[in-house]
Amino acid sequence: MNTSVIGYPRIGKDRELKFASEKFFKGELDEAGLQAVAKQIRKEDLLKQKEAGITYISSNDFSFYDNVLDTAFLFNVIPQRYKDLGLSELETYFALARGYQGDKGNVKALAMKKWFNTNYHYLVPEIDDDTEIKLTGSKPVDEYKEARELGVDTKVAIVGPFTFLKLAKFTGAKKISDISGKLTDEYVKLVSVLTSKGADLIEFDEPYLVRDLSAEDITLFKEIYNKILSNKNGAKILLQTYFGDIRDIYAEVIKLDFDLIGIDFVEGRKSLELVKTNGFPSDKVLVAGLVNGKNIWRNDYKKTLSVLNDLGVENVVLGTSCSLLHVPYSLENETKLTDDYKKHFAFAEEKLTELNEIAALAGKDFANEESFKKNQALFEGRVNSEDKDVQAKVAAITDADYVRLPVFEVREKIQKEILNLPLFPTTTIGSFPQTSDVRKNRQDFKKGNITKEQYVEFNKKKIAECIKLQEEIGLDVIVHGEFERNDMVEYFGENLNGYVFTEKAWVQSYGTRNVKPPIIWGDVSRRAPITVEWSKFAKSCTDKPVKGMLTGPVTILNWSFPREDISIKESILQIALAIRDEVLDLEANGINIIQIDEAALREKLPLRKSDWYSEYLDFAIPAFRLVHSKVKPETQIHTHMCYSEFTDIIPAIDAMDADVITFEASRSDLQILDSLKENNFKTEVGPGVYDIHSPRVPSVEEIVAALTKMRAKIEDSKLWVNPDCGLKTRGDEETKKSLINLVEAARQIRG
Ligand code: GLN
Ligand code: ZN
């Protein structure tokens, strides 16, 4: 059986691309130097796959920043304001990606969004009425040729026109239908250029097909591909989908003249059923995505082989479920994890071996093959460590545990009396600037250069200063500043049983930013109180109310590599119980305002609307309630979400039953306010009054204006005043100035 990889990680095994790009941005490396690093990464990635014996290897899966941006660039979808800068081609590319501020002008970056249900972000192509779509770039051709010179005959992977159009933002009067014909013609040209250079297999990535599709969508898709497929110029065309099944269009797609069709059998819950009920044409090849491109666990060969057997399709290639871009490079990089752990993991490089081994076993009587037996031995008995106590606690959860009593309206009154806060209370989201001294203190402690006492002493000094600053500024609800935290998930992971950490398992999040998600290895429980000492100390520094600060179960899970042996629901409940212990300990220590951040709640909303509740919200929202349901009525529970794009799930957000929610709103035209009003949102709200993602200091007038708009939609008694997210990426000076203006604005509207 042949094998196929959709895409390979491209940041470099030691994050070479990040470091080289950052040097280039600072002017410490010239363009030729950066290109050389990129070329070396592409070479290593290609040869690694070739040596592993993969049949279909992609070229053009590399990117300096993002593949969607590459595609925009390829077809001249470059807004005039970037062209006007008069920069070099690569500099223009980076201007779209990161914005430009310098002697040639000042332009913001394109908008950035989450790539489907991953933590990777793409740049949103911007199409206006003057956009002249035209094949002007040559990246796919260049990278195809470069690979061939290295002796690797690749398939050329490109983001398909349908997905490209669906993800683009139309800023003028033109709509998709006005430009889809022209764009298709340019793709046809690309196919013809590629084939003239010898490329004989072209992969069109169309992940948008796994979403809910309308009748117009299906018509559009057929229009586009009927044209492309009748102009193949001798090439074979692979339609590649991922991140789910293509139930809305499967029956249509198999009738089109594609030569190969790639389908995800890992996240595609209905994929097998679709193939079995509709059949699969014998003149086409099915690329069956069965090796998980998103998670890091070993493939269970028995399960995979049984799906392959079950398919009943003549021509099958074994593939990854999505690009391997979403997993780290190689286990070889991990020197500290013992083999007891490592043998259960497969990062990108190890997945290549899996593809090969499974492909070799397929169609054979495999039960006695060495590779099969070795693989199955990994699954004999338990892989993940277990904790009977935690399991019993989860099993004992009853419906009542999900309900906080008394009801919100009663609590709200009690809290108003006890807390005695002014109208429009002011607060922040939790973190204060993580200046270099804060990071150095943490690193020194980790390296063993300073004692625990020294480490704690330093942080206490920072907390005391931070509180004094907040008192001077006049904020009503005080925070401790989160100086002890590197990252809101890693910090809790490090303090919970059941977590495993890697050294170099970096995954691209966007551009040069990479994340290192922790791995949930076993049943999760809390070893000891995590944040209590810090919050207690903070409280001892002031007479004002201090808000305790925690990360919620849904976010902790969403930003980790999850287990596969138990359900996501079960994992979230375990984490929820651990965080609940922390909530109750904070309360017992006199902290009567507790914020439980759910920054990532919105991002794992399933791609299909019909799955929103049954596959996610129906357990994610109760899990959040479980965390705070046992607190006293007078304890005020806050939550925070980073995106305000939850207009369509407002009832679910209200059902979290928090007392206050703060969220990002400053960049979204306050649209959400209308929906809150329409939905009779009961929870008190703090829509961020200024954008913390920029160093700009908002004026008092500006904040008053934002608050005035908010007051039109939100009752005064429910409105909080706060920035839109944590301040940790900001500097001391702008933070102080901004918060002074925020407090002044609140004072003015109170008046
Ligand atoms: N409490 C966290 C902070 O202030 C929240 C961060 C976030 O929403 N991403 O940093
Ligand atoms: Zn946030």
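The single condition among (1) surrounded by 17 or more Cβ atoms within 10 Å (Cβ to Cβ); (2) modelled with pLDDT under 95 that K113 does not meet is (1). From the list P517, P545, P529, the one residue that fits, being under 16 Å from the mean Cα position of the chain (by Cα) and open to solvent by 10 Å² or more (accessible area, probe 1.4 Å), is P517.
One line per residue, one yes/no per condition, for (1) in contact with a helix residue (DSSP H, G or I) (Cβ under 6 Å, 6 or more places away or on another chain); (2) within 16 Å of ligand 2 (Cβ to nearest atom):
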site: A578; (1), (2): no, no
site: E598; (1), (2): yes, yes
site: W612; (1), (2): no, no
site: L617; (1), (2): yes, no
site: A620; (1), (2): yes, no
site: L626; (1), (2): yes, no
site: Q636; (1), (2): yes, no
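Taking the conditions exactly as written (touching a Ser or Thr at 6+ places or on another chain (Cβ under 8 Å), outside any loop (DSSP other than H, G, I, E, B) and not acidic (D, E)), does I520 satisfy them or not? Against the criterion (touching a Ser or Thr at 6+ places or on another chain (Cβ under 8 Å), outside any loop (DSSP other than H, G, I, E, B) and not acidic (D, E)), I520 qualifies.
Looking across region 20-44, the residues that are touching an Asp or Glu at 6+ places or on another chain (Cβ under 8 Å), within 30 Å of N2 (Cα to Cα) and of a type outside the set (K, R) come down to Q40, I41. For region 279-327, the set of residues classified as in contact with a helix residue (DSSP H, G or I) (Cβ under 7 Å, 6 or more places away or on another chain), open to solvent by 20 Å² or more (accessible area, probe 1.4 Å) and under 12 Å from E354 (Cβ atoms) consists of R298, D300, listed by residue number.
Taking residues in region 259-286 that are without any contact (Cβ under 8 Å) to a residue 24 or more places away in the chain, and partners anywhere that are buried (at least 21 other Cβ atoms within 10 Å of the Cβ), the pairs with Cβ atoms closer than 9 Å and at least 6 places apart or on different chains are E273/D245.
Kindly establish whether S644 is within 16 Å of ligand 2 (Cβ to nearest atom) and free of Cβ contacts under 8 Å to residues at least 12 places away in the same chain. No; evaluated as a whole, the condition is false for this residue.
Residue by residue, here is whether (1) closer than 30 Å to E51 by Cα; (2) touching a Ser or Thr at 6+ places or on another chain (Cβ under 6 Å); (3) open to solvent by 40 Å² or more (accessible area, probe 1.4 Å) holds:
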site	(1), (2), (3)
N356	yes, no, yes
A362	yes, no, no
A367	yes, no, yes
K374	yes, no, yes
R382	no, no, yes
V394	no, no, no
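Out of Y208, Y144, Y187, one residue alone is touching a Lys or Arg at 6+ places or on another chain (Cβ under 6 Å) and either at pLDDT 95 or above or open to solvent by 20 Å² or more (accessible area, probe 1.4 Å) (or both). It is Y208. The number of residues in region 242-257 being surrounded by fewer than 22 Cβ atoms within 10 Å (Cβ to Cβ) and assigned to a loop (DSSP other than H, G, I, E, B) comes to 7.
Of the residues A38, A97, A32, A72, the single one that is out of contact with any Lys or Arg (no Cβ under 9 Å at 6 or more places or on another chain), of a type outside the set (F, W, Y) and farther than 28 Å from F162 by Cα is A32. The single condition among (1) more than 16 Å from ligand 1 (Cβ to nearest atom); (2) at pLDDT 95 or above that E484 does not meet is (1). When the residues of region 590-619 are narrowed to those that are in a helix (DSSP H, G or I) and closer than 24 Å to N722 by Cβ, which ends up most open to solvent (accessible area, probe 1.4 Å)? Selected residue: R602. Residues that are over 19 Å from D659 (Cβ atoms) and either away from ligand 1 (no atom under 15 Å from the Cβ) or surrounded by fewer than 16 Cβ atoms within 10 Å (Cβ to Cβ) (or both) within region 718-741 comprise T729, G731, D732, E733, E734, K736, K737, I740, N741, listed in sequence order.
Let me confirm something: among E587, E564, E484, which residue is open to solvent by 40 Å² or more (accessible area, probe 1.4 Å), touching a residue at least 24 places away in the same chain (Cβ under 8 Å) and not in a strand (DSSP E or B)? The conditions single out E564.
When L90 is tested against (1) surrounded by fewer than 22 Cβ atoms within 10 Å (Cβ to Cβ); (2) within 25 Å of L290 (Cβ to Cβ); (3) of a type in the set (A, V, I, L, M), just one condition goes unmet, and that condition is (2). Does E582 satisfy being part of a helix (DSSP H, G or I), within 16 Å of ligand 2 (Cβ to nearest atom) and in contact (Cβ under 8 Å) with a residue 40 or more places away in the chain? The answer is no for E582. Within region 647-663, the set of residues being modelled with pLDDT of 95 or more and within 15 Å of ligand 2 (Cβ to nearest atom) comprises I653, A658, V660, I661, T662. Listed by position, the strands (runs of 3 or more DSSP E) enclosed by region 87-205 that each have at least 3 residues that are within 30 Å of A599 (Cβ to Cβ) are 112-114, 121-123. Taking the residues in region 428-481 that are small (G, A, S) and within 16 Å of ligand 2 (Cβ to nearest atom) as candidates, determine which candidate is surrounded by the fewest Cβ atoms within 10 Å (Cβ to Cβ). Only one residue fits best here, namely S431. Quick check: is even one residue across region 464-473 assigned to a loop (DSSP other than H, G, I, E, B), without any contact (Cβ under 8 Å) to a residue 60 or more places away in the chain, over 23 Å from the mean Cα position of the chain (by Cα) and within 16 Å of ligand 1 (Cβ to nearest atom)? No - not one qualifying residue is present in region 464-473. I need the full set of residues from region 151-175 which are in contact with a helix residue (DSSP H, G or I) (Cβ under 6 Å, 6 or more places away or on another chain) and open to solvent by 10 Å² or more (accessible area, probe 1.4 Å), in order please. Within region 151-175, V159, K166 meet the criteria. Among the candidates E715, E678, the residue that is more than 14 Å from ligand 1 (Cβ to nearest atom), at pLDDT below 95 and over 30 Å from G99 (Cβ atoms) is uniquely E678.
The values are calculated or read from the model by the stated rules, or taken from the named source; none is laboratory data. All of these numbers come straight from a predicted model, not from anything done at the bench. Virtual Cβ from ideal backbone geometry, glycine too; neighbours counted across all protein chains shown. What goes into the accessible areas is simple: the full protein's heavy atoms, side chains included, and nothing from ligands, DNA or RNA. Shrake-Rupley method; radii C 1.70, N 1.55, O 1.52, S 1.80 Å.
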